[in-house]
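The values are calculated or read from the model by the stated rules, or taken from the named source; none is laboratory data. The structure presented is a predicted model; accordingly, all values stated were derived computationally and were not measured. Positions of Cβ are generated from backbone atoms using ideal geometry, with glycine treated the same way; all protein chains shown enter the neighbour counts.
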Protein chains: 2
Amino acid sequence: MNIAIKNAYALIGGKIDRHSIYIEKDKIAGIDKAPEGFRAKKVIDGENRLVIPGIVNAHTHSYMAPMRNIADDLPFMEWLTKGVEPVENSMTDEDAYWGAMLAMAEMIRCGTTTFNDMHMHIFSTQKAAKESGLRAVLSRGLVGDKYNKSDRRITEALKEMSEGDNANGRITYMLGPHAPYSAGFDYLRGVADIAKEQGLRIHMHLAESQAEIDNLKKEQGLTPIEYADKAGCFDVPFIAAHCVKVTDSDIELMAKKGVSVVTNPASNMKLGNGFAPVKKMKEAGINICLGTDGAASNNTLNMFHEMSLLALIHKGVNDTPVCIGAEETIEMATINGARALGLDNVGKIEEGYKADLAILDLNTPSMVPRNSLLSSLVYSANGSEVDTTIVNGEILMEGRELKTLDLEKILYNADHMMERLGKA
Amino acid sequence: MNIAIKNAYALIGGKIDRHSIYIEKDKIAGIDKAPEGFRAKKVIDGENRLVIPGIVNAHTHSYMAPMRNIADDLPFMEWLTKGVEPVENSMTDEDAYWGAMLAMAEMIRCGTTTFNDMHMHIFSTQKAAKESGLRAVLSRGLVGDKYNKSDRRITEALKEMSEGDNANGRITYMLGPHAPYSAGFDYLRGVADIAKEQGLRIHMHLAESQAEIDNLKKEQGLTPIEYADKAGCFDVPFIAAHCVKVTDSDIELMAKKGVSVVTNPASNMKLGNGFAPVKKMKEAGINICLGTDGAASNNTLNMFHEMSLLALIHKGVNDTPVCIGAEETIEMATINGARALGLDNVGKIEEGYKADLAILDLNTPSMVPRNSLLSSLVYSANGSEVDTTIVNGEILMEGRELKTLDLEKILYNADHMMERLGKA
């Protein structure tokens, strides 16, 4: 749809000023100057509005949204074996679909326009992503010991990817070996080989907990980073989720190999894993992105919450107020994520870029005064300021009303699913 | 007003179940059973509603709300001398009033019903508190070197307190010596004497930064906690804000003297001061409360944000998911604060308690599923779920519409004030 956003506050090139933005089909077709012959089907008055690039949640498991709060404040193994796994094991594809739908609703309402997902029920998430209108990068969780050419799971995943509906380019795919403790070395090497052959990126959990480090050191004599590199994974663009427990030489290796790191502050704290060395990784030149992880360990998919955590905790950890500032935080939550996911024209407000935008209402206490809106976005907004969410030029929410999804039905199904699965 | 809230989810005695709540004038007059002869002027359908005790923000500086974002991501001394102080020094009483009004609007919208304030413009905050309908505990920031009986500031403050309108008991007062570095020992001893004479509580910043510790050690050979104790401050009920940098023996001393500690996680991280040893202080038996501090160092007064920070960061710091759980967090944000402030019948949903309540809308993704709403409150809510805020039996917000305040006027004045003061 052709949309004109007139004279709004807009975050362009790291600065917030008044601009008009012209959207033609799925793209930003002009800034401050409409393209020739442009006719707006819809005009949005930008008077009390702030337009930002749509937020990129660079690591999540959307189907887990209904698992939020099921096993909080418990030791990790109880959380996993008594909370998450019993539900996960009894989820049907339909359950996973409604779970993913709950996640989509939450993401759209908080201005997230792209998410990078790892999951088992690839068709469910794909269906939900297609219906919601969100931009999605999907990887199927791959788990195994030994790889051979006929490995069912990888073959299946590849087949699904190539045959899947990509919703006009909104849905792309990666390979998702789960983690060093669930993807054996030979298997991982096989995955890396396929990634190289097929030109696919890899998305993997790495160096999340101390137990992972200790076990791998004992079994393989390697850090998780060295393990993934040795298997050849870093020979393709690689997205490493977590990296909480990394050594200086791990950081050096990741920087050298161009690995992108997704930090997930809420999840890392909630599971008692601590704080990733984001400052150090950033200084080493690593592309740092931001993610919520799944709702079971967060317990929200609200990237505004995550931005505020990111900007605050590293000041606390490093004993300085000058660390991971507002501008860096927003970059990590937008353009850096898009870059990691291989979405070349996503994550910025710039002519030719995809029309993925979040529009915030400034008539709310958290956004007043307006003298430093960049700070407001990170330090005082809570996500509920998002009035309108646009992906690929399509309005997914306006006036906080979801346009593509039936919120009532999603809430009903997600709630009733857990009434059943919670007893499983 | 007599209000009946019918068959809502309600947090009572640490558990969330379905209940009906009957409000008569300023009090909770019945739970599940209306008092004799009760006639509701208003009935609230609790079907998709969660009622919680109104939240107690136990340490803030409300007039600073328009100072959010003015000097973020700067070294502490620049933040203070180039950001906060120039604005503070040029603020008139009217500016402080509009600043406090912005804070009130933000607090009401996030379910805060009581706040504990320290400030210079006591009449401005008092006026704003009176008009907003919030419950307020006010202390004037007291600063000086030597105390003598005619000390102008304390005398003034006491006079203001005794003469001030207390809005049917909604507004109470404390003494607020600012901090060890701004209240000299003799002065502080004078304040403590007055507190004892007048039966007043003391509210003070203590042990916030390493610089404060180092300077006081050099000058007095004491920790901030020892300093306040030696001046006699702990002989009255004492509310210590921050306590980030405390020793084991400080903790022991505070526990022994019944000091309440207000932790302010966002502010402590944002200014690079680190993480208060909340787990240790709690284990020592100290009454821990939660506060936002002023907006200049937070940058929001949203206690839901603060609750989530509190519950998450100490898991990260202590490397365990079992630390400061959801129930404890809510206690720290409600009843513990009320107890510290000497508000004996505030902070709980119980017959005879003040009708200070926040009612959340459950028809939103962050509150679904409903299988563990206690967790949702702390880990997935962001404050925007609050639909209705009631203080002293009066509805201050309903359907997210402010009832006592003119939001548009407040936002206009707060924004334009900073256009002027930002250039001061």
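What to note about this one:
- Scanning the range A:91-122 for residues that are among the aromatic types (Phe, Trp, Tyr) and closer than 20 Å to A:Ala157 by Cβ yields A:Tyr97, A:Phe115.
- Residues being within 30 Å of B:Gly54 (Cα to Cα) and either in contact with a strand residue (DSSP E or B) (Cβ under 6 Å, 6 or more places away or on another chain) or of a type in the set (S, T, N, Q) (or both) - total across the range B:135-165: 11
- In the set (1) out of contact with any strand residue (DSSP E or B) (no Cβ under 8 Å at 6 or more places or on another chain); (2) within 30 Å of B:Thr388 (Cβ to Cβ), the condition left unmet by B:Pro75 is number (2).
- B:Met397 passes every criterion in (1) surrounded by fewer than 24 Cβ atoms within 10 Å (Cβ to Cβ); (2) more than 10 Å from chain A (Cβ to nearest Cβ); (3) in contact (Cβ under 8 Å) with a residue 12 or more places away in the chain; (4) not aromatic (Phe, Trp, Tyr) apart from (1).
Condition check ((1) in contact with a helix residue (DSSP H, G or I) (Cβ under 6 Å, 6 or more places away or on another chain); (2) within 14 Å of chain A (Cβ to nearest Cβ); (3) under 30 Å from B:Glu350 (Cβ atoms); (4) touching a residue at least 24 places away in the same chain (Cβ under 8 Å)) across all residues:
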| position | (1), (2), (3), (4) |
| --- | --- |
| B:Ser20 | no, no, yes, yes |
| B:Ile31 | no, no, yes, yes |
| B:Glu36 | no, no, yes, no |
| B:Ala40 | no, no, yes, yes |
| B:Ala58 | yes, no, yes, yes |
| B:Met91 | no, yes, no, yes |
| B:Glu106 | yes, yes, yes, yes |
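- Breaking point among (1) among the β-branched types (Val, Ile, Thr); (2) in contact (Cβ under 8 Å) with a residue 12 or more places away in the chain; (3) closer than 28 Å to B:Met104 by Cα; (4) within 13 Å of another protein chain (Cβ to nearest Cβ), for A:Ile324: (3)
Results for (1) over 30 Å from A:Pro369 (Cβ atoms); (2) at pLDDT 95 or above; (3) assigned to a helix (DSSP H, G or I); (4) out of contact with any Leu (no Cβ under 7 Å at 6 or more places or on another chain), shown as yes or no for each residue.
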{"site": "A:Ile52", "(1), (2), (3), (4)": "no, yes, no, no"}
{"site": "A:Ala58", "(1), (2), (3), (4)": "yes, yes, no, no"}
{"site": "A:Tyr63", "(1), (2), (3), (4)": "yes, yes, yes, yes"}
{"site": "A:Leu74", "(1), (2), (3), (4)": "yes, no, no, yes"}
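- Against the list (1) facing another protein chain (nearest Cβ under 8 Å); (2) surrounded by fewer than 24 Cβ atoms within 10 Å (Cβ to Cβ), the condition A:Ser376 fails is (2).
- Evaluation of A:Gly316 against the conditions (1) within 9 Å of another protein chain (Cβ to nearest Cβ); (2) under 19 Å from the mean Cα position of the chain (by Cα); (3) crowded, with 24+ Cβ neighbours inside 10 Å shows that the sole unmet condition is (2).
- Which listed residue is in the same structural domain as A:Met104 (by TED's automatic domain parsing), surrounded by fewer than 24 Cβ atoms within 10 Å (Cβ to Cβ), of a type in the set (Lys, Arg) and out of contact with any Cys (no Cβ under 6 Å at 6 or more places or on another chain), from A:Lys279, A:Lys270, A:Lys256: A:Lys256
- When restricted to residues that are part of a helix (DSSP H, G or I) and within 16 Å of the chain's Cα centre (by Cα), the range A:324-353 contains 10.
- Positions within the range B:1-19 being part of a strand (DSSP E or B) and under 13 Å from B:Leu357 (Cβ atoms), in sequence order: B:Ile3, B:Ala4, B:Ile5, B:Ala8, B:Tyr9, B:Ala10, B:Leu11, B:Ile12, B:His19
- Just one of the listed residues (A:Ile55, A:Ile16, A:Ile31) is crowded, with 23+ Cβ neighbours inside 10 Å and either under 30 Å from A:Glu327 (Cα atoms) or not small (Gly, Ala, Ser) (or both), and it is A:Ile55.
- Considering (1) touching a helix residue (DSSP H, G or I) at 6+ places or on another chain (Cβ under 7 Å); (2) among the β-branched types (Val, Ile, Thr); (3) under 23 Å from B:Asn57 (Cα atoms); (4) modelled with pLDDT of 95 or more, the lone condition that B:Thr223 does not fulfil carries the number (3).
- Top-ranked residue in the range B:60-88 [being charged (D, E, K, R) and facing another protein chain (nearest Cβ under 10 Å); ranked as surrounded by the fewest Cβ atoms within 10 Å (Cβ to Cβ)]: B:Glu78
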